[in-house]
Amino acid sequence: MALIRATCSDCGDVELRSLDLRVRTCIDNSRSTYLFRCPVCRMIEVRTAEEHVVDVLLAAGVREDRWNLPAELGEPKSGKRIDHDDVIDFHQLLNTSDWFERLATITNP
C-alpha cells in the first residue's frame, strides 16, 4: 500500500494511504477530482485532479468512482428563472399548515 502526500486546507501536508483517497471521474466530460478525509482535523478535502495526477493515484492503488452528469442538465429549460423572492415565497408557504394543498393548486390549475 502506497503512502501519498496531500494537502489539507487547514492542516497543511498530510500523509495518507492509498485506501484513504478516492478518485472521482465524470464519464461525460472526463473531469476528475480526488477526495480524502484529513487524518488530523477529519474534514473532507476535495481537489481537482489533472489527468497525470489521476494516473499516478490509480497506479498507487487509489480506487476510482466513475459517474455521469445528471440527465436534467441536458433537458430544455423554459419559463423564468427562480430568483431570491421565489425562494422566500416558497419558504413562507412551507411554514403554513396547509402548504401541500396550496402548492397542489398552484402547480395543477
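Things worth noting here:
- Model label points for residue 7 and residue 84, set 7 angstrom from Cα along the Cα-to-Cβ axis, are 3.4 nm apart.
- Rg/Rg_ref, region 1-105, where Rg_ref = 2.2 N^0.38 Å and atoms are Cα: 1.63
- Computed FRET value (nearest 0.05) for residue 77 with residue 53, which takes r as the C-beta separation and R₀ as 41 Å: 0.75
No lab work stands behind these numbers, since they all come straight from the coordinates. All values derive from a computational prediction rather than experimental measurement. Quick reminder, even Gly has a Cβ in these numbers, built from the backbone with ideal geometry, and neighbours come from all protein chains shown.
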